[in-house]
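A.B. asks: Structure in C-alpha coordinates, see below.
The values are calculated or read from the model by the stated rules, or taken from the named source; none is laboratory data. Computed from a predicted structure; not experimentally measured. Calculation scope for accessible area: heavy atoms of the full protein, side chains included, ligands and nucleic acids excluded. Shrake-Rupley method; radii C 1.70, N 1.55, O 1.52, S 1.80 Å.
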Amino acid sequence: MSAPRTITLDNITVYIEANDTDVGKRAADVFCTTLTQAPNAAYGFATGSTPVCLYKELIARYKAGLLDMSGITAFNLDEYYPITKENDQSYDYFMSTELFNHVNVKPENRDIPSGEAPDPEAECLRYEKAIRTQEDFKLQILGIGENGHIGFNEPASTFPAKTNYVELTESTIAANARFFESAADVPKHALTMGVGTIMMAEQVLLIATGPKKSRIVYESLLGSIDPQVSASALQMHRNVTVVLDTDAAHDLLANLDSVS
Ligand code: F6R
(Lines give C-alpha, C1' and ligand atoms only; values in the text may rest on other atoms or scores of the structure.)
Protein backbone atom coordinates (compact mmCIF):
# COMPACT_ATOMS: atom_id res chain seq x y z
CA MET A 1 0.00 0.00 0.00
CA SER A 2 1.34 3.42 -0.85
CA ALA A 3 1.36 6.27 1.65
CA PRO A 4 0.39 9.03 2.11
CA ARG A 5 -3.28 8.40 1.56
CA THR A 6 -6.43 10.16 2.79
CA ILE A 7 -9.79 8.51 3.45
CA THR A 8 -13.02 10.21 4.46
CA LEU A 9 -15.55 8.29 6.56
CA ASP A 10 -18.52 10.61 7.20
CA ASN A 11 -17.29 12.83 10.07
CA ILE A 12 -13.80 11.28 10.19
CA THR A 13 -10.83 12.15 8.00
CA VAL A 14 -8.09 9.50 8.09
CA TYR A 15 -4.55 10.31 7.00
CA ILE A 16 -2.23 7.37 6.43
CA GLU A 17 1.47 8.16 6.50
CA ALA A 18 4.55 6.09 5.77
CA ASN A 19 6.25 6.31 9.16
CA ASP A 20 6.29 7.83 12.62
CA THR A 21 8.04 11.02 11.50
CA ASP A 22 5.45 11.69 8.82
CA VAL A 23 2.65 10.91 11.29
CA GLY A 24 4.16 13.57 13.59
CA LYS A 25 4.31 16.10 10.76
CA ARG A 26 0.75 15.46 9.61
CA ALA A 27 -0.61 15.61 13.15
CA ALA A 28 1.36 18.84 13.71
CA ASP A 29 -0.18 20.30 10.53
CA VAL A 30 -3.67 19.53 11.85
CA PHE A 31 -2.85 20.92 15.30
CA CYS A 32 -1.16 24.07 13.95
CA THR A 33 -4.00 24.86 11.53
CA THR A 34 -6.41 24.90 14.45
CA LEU A 35 -3.97 26.75 16.71
CA THR A 36 -3.59 29.50 14.12
CA GLN A 37 -7.37 29.91 13.97
CA ALA A 38 -7.81 29.72 17.75
CA PRO A 39 -4.60 30.83 19.49
CA ASN A 40 -6.35 31.55 22.81
CA ALA A 41 -8.46 28.41 23.13
CA ALA A 42 -8.18 25.31 25.34
CA TYR A 43 -6.38 22.24 24.01
CA GLY A 44 -6.25 18.74 25.47
CA PHE A 45 -3.01 16.76 25.33
CA ALA A 46 -2.27 13.05 25.62
CA THR A 47 0.68 11.08 26.96
CA GLY A 48 2.02 7.65 26.02
CA SER A 49 4.48 6.75 23.28
CA THR A 50 2.26 7.64 20.30
CA PRO A 51 2.08 11.48 20.52
CA VAL A 52 5.85 11.83 21.02
CA CYS A 53 6.30 12.16 17.23
CA LEU A 54 3.80 15.05 17.27
CA TYR A 55 5.45 16.74 20.25
CA LYS A 56 8.90 16.48 18.60
CA GLU A 57 7.52 18.21 15.54
CA LEU A 58 5.77 20.92 17.59
CA ILE A 59 9.04 21.60 19.44
CA ALA A 60 10.91 21.84 16.12
CA ARG A 61 8.34 24.29 14.74
CA TYR A 62 8.46 26.34 17.94
CA LYS A 63 12.27 26.53 17.75
CA ALA A 64 11.95 27.59 14.11
CA GLY A 65 9.64 30.41 15.17
CA LEU A 66 6.63 28.85 13.46
CA LEU A 67 4.52 28.15 16.53
CA ASP A 68 3.19 30.24 19.40
CA MET A 69 1.43 28.45 22.25
CA SER A 70 1.50 31.38 24.67
CA GLY A 71 -2.25 31.96 24.51
CA ILE A 72 -3.53 28.43 25.04
CA THR A 73 -4.86 26.69 28.09
CA ALA A 74 -3.54 23.13 28.20
CA PHE A 75 -5.41 20.22 29.73
CA ASN A 76 -4.36 16.59 29.79
CA LEU A 77 -6.42 13.49 29.36
CA ASP A 78 -5.39 11.63 32.46
CA GLU A 79 -2.98 10.86 35.25
CA TYR A 80 -2.14 7.79 37.30
CA TYR A 81 -3.39 7.69 40.88
CA PRO A 82 -1.72 7.88 43.24
CA ILE A 83 1.51 9.30 41.86
CA THR A 84 3.66 12.33 42.68
CA LYS A 85 4.39 14.99 40.05
CA GLU A 86 8.11 14.33 40.53
CA ASN A 87 7.77 10.64 39.68
CA ASP A 88 9.33 10.28 36.25
CA GLN A 89 6.45 8.02 35.20
CA SER A 90 3.77 10.56 36.10
CA TYR A 91 1.98 12.12 33.15
CA ASP A 92 2.69 15.54 34.62
CA TYR A 93 6.43 14.80 34.39
CA PHE A 94 6.01 13.33 30.90
CA MET A 95 4.29 16.45 29.58
CA SER A 96 6.99 18.69 31.02
CA THR A 97 9.87 16.73 29.54
CA GLU A 98 8.29 15.79 26.20
CA LEU A 99 6.63 19.11 25.38
CA PHE A 100 5.99 21.89 27.86
CA ASN A 101 9.62 22.54 28.90
CA HIS A 102 10.43 23.22 25.24
CA VAL A 103 7.53 25.43 24.10
CA ASN A 104 5.85 28.57 25.44
CA VAL A 105 2.68 27.29 27.10
CA LYS A 106 2.36 29.40 30.26
CA PRO A 107 2.85 27.22 33.37
CA GLU A 108 -0.18 28.86 35.02
CA ASN A 109 -2.29 27.81 32.02
CA ARG A 110 -1.52 24.09 32.38
CA ASP A 111 -3.88 21.72 34.14
CA ILE A 112 -3.76 17.96 34.61
CA PRO A 113 -5.65 15.75 37.05
CA SER A 114 -3.52 15.57 40.19
CA GLY A 115 -2.23 12.17 41.21
CA GLU A 116 -1.40 13.77 44.57
CA ALA A 117 -4.91 14.96 45.43
CA PRO A 118 -6.06 13.62 48.81
CA ASP A 119 -9.53 12.81 47.49
CA PRO A 120 -9.56 11.43 43.93
CA GLU A 121 -13.32 11.88 43.48
CA ALA A 122 -13.12 15.55 44.52
CA GLU A 123 -10.20 16.02 42.12
CA CYS A 124 -12.30 14.57 39.28
CA LEU A 125 -15.06 17.10 40.05
CA ARG A 126 -12.56 19.98 40.14
CA TYR A 127 -11.01 18.93 36.85
CA GLU A 128 -14.28 18.41 35.01
CA LYS A 129 -15.46 21.84 36.14
CA ALA A 130 -12.19 23.44 34.98
CA ILE A 131 -12.75 22.01 31.49
CA ARG A 132 -16.47 22.74 31.35
CA THR A 133 -15.93 26.39 32.24
CA GLN A 134 -13.67 26.88 29.21
CA GLU A 135 -15.41 28.97 26.59
CA ASP A 136 -13.57 27.31 23.76
CA PHE A 137 -12.36 23.71 24.18
CA LYS A 138 -10.97 23.49 20.69
CA LEU A 139 -9.06 20.28 20.15
CA GLN A 140 -8.28 17.09 22.03
CA ILE A 141 -5.28 14.92 21.10
CA LEU A 142 -5.77 11.19 21.66
CA GLY A 143 -3.83 7.97 21.46
CA ILE A 144 -5.68 4.67 21.65
CA GLY A 145 -5.11 1.65 23.87
CA GLU A 146 -4.98 -1.86 22.42
CA ASN A 147 -8.34 -2.42 24.13
CA GLY A 148 -9.81 0.67 22.51
CA HIS A 149 -9.53 2.97 25.50
CA ILE A 150 -9.23 6.71 25.00
CA GLY A 151 -7.90 8.43 28.08
CA PHE A 152 -8.17 5.63 30.62
CA ASN A 153 -11.80 4.89 29.76
CA GLU A 154 -11.53 1.13 29.93
CA PRO A 155 -14.09 -1.30 28.43
CA ALA A 156 -17.36 -0.71 30.30
CA SER A 157 -21.13 -1.04 30.04
CA THR A 158 -21.64 2.71 29.48
CA PHE A 159 -19.51 5.56 28.16
CA PRO A 160 -18.32 7.56 31.20
CA ALA A 161 -19.70 11.07 30.86
CA LYS A 162 -17.29 12.99 33.08
CA THR A 163 -13.80 12.94 34.53
CA ASN A 164 -13.70 9.78 36.61
CA TYR A 165 -11.57 7.72 38.98
CA VAL A 166 -10.93 4.35 37.39
CA GLU A 167 -9.36 1.03 38.15
CA LEU A 168 -6.97 0.10 35.34
CA THR A 169 -7.52 -3.24 33.64
CA GLU A 170 -4.89 -5.96 33.68
CA SER A 171 -4.33 -5.43 29.94
CA THR A 172 -3.61 -1.72 30.41
CA ILE A 173 -1.30 -2.40 33.34
CA ALA A 174 0.52 -5.00 31.21
CA ALA A 175 0.74 -2.62 28.23
CA ASN A 176 2.12 0.21 30.41
CA ALA A 177 4.52 -1.98 32.40
CA ARG A 178 7.16 -1.23 29.75
CA PHE A 179 7.57 2.24 31.25
CA PHE A 180 8.02 0.95 34.83
CA GLU A 181 10.50 -1.44 36.43
CA SER A 182 7.79 -4.10 36.59
CA ALA A 183 4.03 -4.51 36.18
CA ALA A 184 3.77 -4.45 40.00
CA ASP A 185 5.00 -0.83 39.96
CA VAL A 186 2.24 0.42 37.63
CA PRO A 187 -0.39 2.32 39.69
CA LYS A 188 -3.68 0.43 39.75
CA HIS A 189 -5.88 3.50 39.38
CA ALA A 190 -6.07 6.66 37.32
CA LEU A 191 -8.04 9.89 36.96
CA THR A 192 -9.28 10.36 33.42
CA MET A 193 -11.45 12.68 31.37
CA GLY A 194 -14.65 10.79 30.58
CA VAL A 195 -15.67 9.95 27.04
CA GLY A 196 -18.26 12.72 27.44
CA THR A 197 -15.53 15.19 28.44
CA ILE A 198 -13.49 14.27 25.36
CA MET A 199 -16.56 14.59 23.13
CA MET A 200 -16.97 18.22 24.25
CA ALA A 201 -13.85 19.19 22.30
CA GLU A 202 -14.75 20.83 19.01
CA GLN A 203 -12.18 18.71 17.19
CA VAL A 204 -10.49 15.40 18.03
CA LEU A 205 -7.09 14.38 16.70
CA LEU A 206 -6.43 10.67 17.22
CA ILE A 207 -3.02 9.23 16.44
CA ALA A 208 -2.14 5.53 16.22
CA THR A 209 1.02 3.81 15.09
CA GLY A 210 2.31 0.26 14.88
CA PRO A 211 0.76 -3.12 14.11
CA LYS A 212 -0.58 -3.63 17.65
CA LYS A 213 -3.12 -0.84 17.02
CA SER A 214 -4.34 -2.08 13.64
CA ARG A 215 -7.25 -4.25 14.82
CA ILE A 216 -8.59 -1.77 17.36
CA VAL A 217 -8.37 1.18 14.95
CA TYR A 218 -10.51 -0.76 12.50
CA GLU A 219 -13.02 -1.81 15.19
CA SER A 220 -13.21 1.73 16.61
CA LEU A 221 -13.82 3.45 13.29
CA LEU A 222 -15.94 0.87 11.47
CA GLY A 223 -17.28 -1.44 14.21
CA SER A 224 -20.38 -0.96 16.31
CA ILE A 225 -20.52 1.96 18.75
CA ASP A 226 -19.96 0.13 22.01
CA PRO A 227 -18.60 1.25 25.41
CA GLN A 228 -16.50 -1.92 25.41
CA VAL A 229 -14.42 0.05 22.87
CA SER A 230 -14.51 3.63 24.15
CA ALA A 231 -12.90 5.03 20.98
CA SER A 232 -15.95 3.89 19.02
CA ALA A 233 -17.80 6.90 20.53
CA LEU A 234 -15.77 9.05 18.13
CA GLN A 235 -18.04 7.84 15.34
CA MET A 236 -20.62 10.17 16.93
CA HIS A 237 -18.28 13.19 17.09
CA ARG A 238 -18.68 15.95 14.52
CA ASN A 239 -15.03 16.57 13.65
CA VAL A 240 -12.44 13.81 13.98
CA THR A 241 -9.04 13.59 12.31
CA VAL A 242 -7.17 10.30 12.57
CA VAL A 243 -3.49 10.03 11.66
CA LEU A 244 -2.12 6.51 11.22
CA ASP A 245 1.04 4.90 9.99
CA THR A 246 0.70 2.10 7.45
CA ASP A 247 0.96 -0.60 10.13
CA ALA A 248 -1.87 0.83 12.23
CA ALA A 249 -3.97 1.35 9.06
CA HIS A 250 -3.61 -2.24 7.87
CA ASP A 251 -6.92 -3.76 9.03
CA LEU A 252 -8.91 -0.62 8.27
CA LEU A 253 -7.66 -0.59 4.71
CA ALA A 254 -8.09 -4.34 4.25
CA ASN A 255 -11.75 -4.02 5.22
CA LEU A 256 -12.41 -0.86 3.21
CA ASP A 257 -10.72 -2.29 0.13
CA SER A 258 -12.77 -5.49 0.40
CA VAL A 259 -16.06 -3.52 0.25
CA SER A 260 -15.07 -0.88 -2.31
C1 F6R B 1 -2.52 8.65 27.47
C2 F6R B 1 -3.78 7.94 27.36
C3 F6R B 1 -3.89 6.58 26.79
C4 F6R B 1 -2.89 6.29 25.66
C5 F6R B 1 -3.03 4.87 25.17
C6 F6R B 1 -2.01 4.53 24.11
O7 F6R B 1 -2.71 9.95 28.02
O8 F6R B 1 -4.76 8.47 27.75
O9 F6R B 1 -5.20 6.38 26.31
O10 F6R B 1 -3.12 7.20 24.62
O11 F6R B 1 -2.88 3.98 26.24
O12 F6R B 1 -0.73 4.58 24.69
P13 F6R B 1 0.57 4.48 23.77
O14 F6R B 1 0.60 5.70 22.93
O15 F6R B 1 1.72 4.44 24.75
O16 F6R B 1 0.42 3.23 22.96
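A.B. asks: Using helices alone, what [θ] at 222 nm do you get for the chain, with -39,500 (n - 2.57) per DSSP H run of 4 or more residues, divided over all residues and rounded to the nearest 500?
C.D. replies: Estimated from H runs of four or more residues: -9500 deg cm²/dmol.
A.B. asks: Would the stretch 164-207 count as rounded, prolate or oblate if I go by the C-alpha gyration tensor, calling it rounded below 1.5 in a/c and otherwise prolate when a/b exceeds b/c, oblate otherwise?
C.D. replies: Prolate shape, in that a/c is at least 1.5 and a/b is the bigger ratio.
A.B. asks: Under the Karplus relation 6.51 cos²θ - 1.76 cosθ + 1.60, θ = phi - 60°, what is the ordered set of whole-Hz ³J(HN,Hα) values for the stretch 77-86, x standing for Gly and Pro?
C.D. replies: Result, ordered by residue: 4, 6, 7, 5, 9, x, 6, 8, 4, 6 Hz.
A.B. asks: What residues qualify as long-range amide H neighbours of Gly151, i.e. H under 5 Å apart, gap of 5 or more or another chain, H built at 1.01 Å from N?
C.D. replies: Gly143
A.B. asks: Further, regarding this structure: Counting only protein heavy atoms and a 1.4 Å probe, tell me what percentage of the chain's accessible area is made up of carbon and sulfur.
C.D. replies: Summing carbon and sulfur atoms, their accessible area is 49 percent of the total for the chain.
A.B. asks: Report Rg/Rh for the chain, rounded to two decimals, where Rg is the Cα radius of gyration and Rh the Kirkwood radius.
C.D. replies: Reported Rg/Rh, Kirkwood definition of Rh: 0.94.
A.B. asks: Based on DSSP H assignment, which helices of the chain show an axial Cα extent of at least 20 Å together with a mean Kyte-Doolittle hydropathy greater than or equal to -1.0?
C.D. replies: TM-like helix candidates: 20-37.
A.B. asks: Further, regarding this structure: From the square roots a ≥ b ≥ c of the eigenvalues of the alpha-carbon gyration tensor of the stretch 117-228, which class results: rounded (a/c under 1.5), prolate (a/b over b/c), or oblate?
C.D. replies: oblate
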